[in-house]
1. Mind listing P(r) for region 72-114? All alpha-carbon pairs, 10 Å bins, whole percents.
2. If each residue's Cβ is checked for other Cβ atoms within 10 Å, how do Leu16, Leu58 rank with the fewest at the top?
3. Which whole-number percent is the relative contact order of the chain (Cα, under 8 Å, 6+ apart)?
4. Tell me, Arg15, Arg134 in order of fewest to most beta-carbon neighbours within 10 Å?
5. Give me, ordered by chain and number, the residues 5 or more places off Lys41 or on other chains with an amide H under 5 Å from its own placed amide H.
6. When the Karplus curve 6.51 cos²θ - 1.76 cosθ + 1.60 is applied with θ = phi - 60°, which whole-Hz ³J(HN,Hα) does each residue of region 140-154 get, with x for Gly and Pro?
7. Can you work out the Karplus-derived ³J(HN,Hα) for every residue in region 61-78? Use 6.51 cos²θ - 1.76 cosθ + 1.60 with θ = phi - 60°, whole Hz, and x for glycine or proline.
8. Got a sec? How would His72, His139, His4 order by Cβ neighbour count within 10 Å, fewest to most?
Amino acid sequence: MSLHEVGTQPLTTARLRLRRLSTDDTDSMFDNWASDPEVTKFLTWPAYTDRAALREYLSDGMDRYADASQYHWGIELVDDRTLIGTIGVTGGDDSVEMKEVGYCIGQQWWGLGYTAEALMAVIEYLFEQVGVNRIEAIHDPRNPASGRVMAKCGMRYEGVLRQRGRSNLGIVDTCMWAILAEDRPPYQ
């Protein structure tokens, strides 16, 4: 079986719309999470300090959407179209039909189930549309809330990889989670 790369297509859940980002999202992204060092604490990229750099990042990202193997969504609330975070594929290994996912959401929306809702939509999309066999995600052990999101989505904890990653905190341990195509419940 080989992957059927289809790129970043719009996804909708009960409360969210996952969509492509554009430079028009610069202000929302900057204000809602990308400039917050508490949000980026466990991530690989530092908080943005100016909008111009963020606009350049978004401009570069728009070019990457032409590549069907790229998956990167903005997470937007259906009710008021507020952009609250991002989710996407951060890596993978096509030889074993695996994608790694990552996400980021503004503090104001922590603990409300939005991240798990977005992750479930992406998991379903990657299994059903792309044909992956394995989806992985990692988090810093000091960020257990991220692990709870993964568990809520049916991912299984596989262990700690010691000093496996680098974040804004330096070289860090990473907790590995994964879900296999055979593990998932049937989607309606």
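Each reported figure results from applying straightforward, stated rules to the coordinates on display, with no laboratory input. Treat the numbers as computed from the prediction; the structure is a model and nothing was measured. Backbone-built Cβ (ideal geometry, glycine too); neighbour counts: all protein chains shown.
1. 26, 43, 21, 10, 0
2. Details: Leu16 23, Leu58 18.
Fewest-to-most Cβ neighbours within 10 Å comes out as Leu58, Leu16.
3. Details: 341 pairs, mean separation 40.8, N = 188.
Reported as a whole number, the value is 22 percent.
4. Values: Arg15 15, Arg134 19.
Arranged by neighbour count, lowest to highest, Arg15, Arg134 become Arg15, Arg134.
5. Residues meeting the amide H criterion: none.
6. Result, ordered by residue: 6, x, 7, 10, x, 4, 5, x, 5, 4, 4, 4, 4, 8, x Hz.
7. Using θ = phi - 60°, the values come out as x, 4, 5, 5, 4, 5, 8, 5, 8, 9, 9, 8, 10, x, 9, 10, 6, 5 Hz.
8. Sorted ascending by nearby Cβ count, the order is His4, His72, His139.
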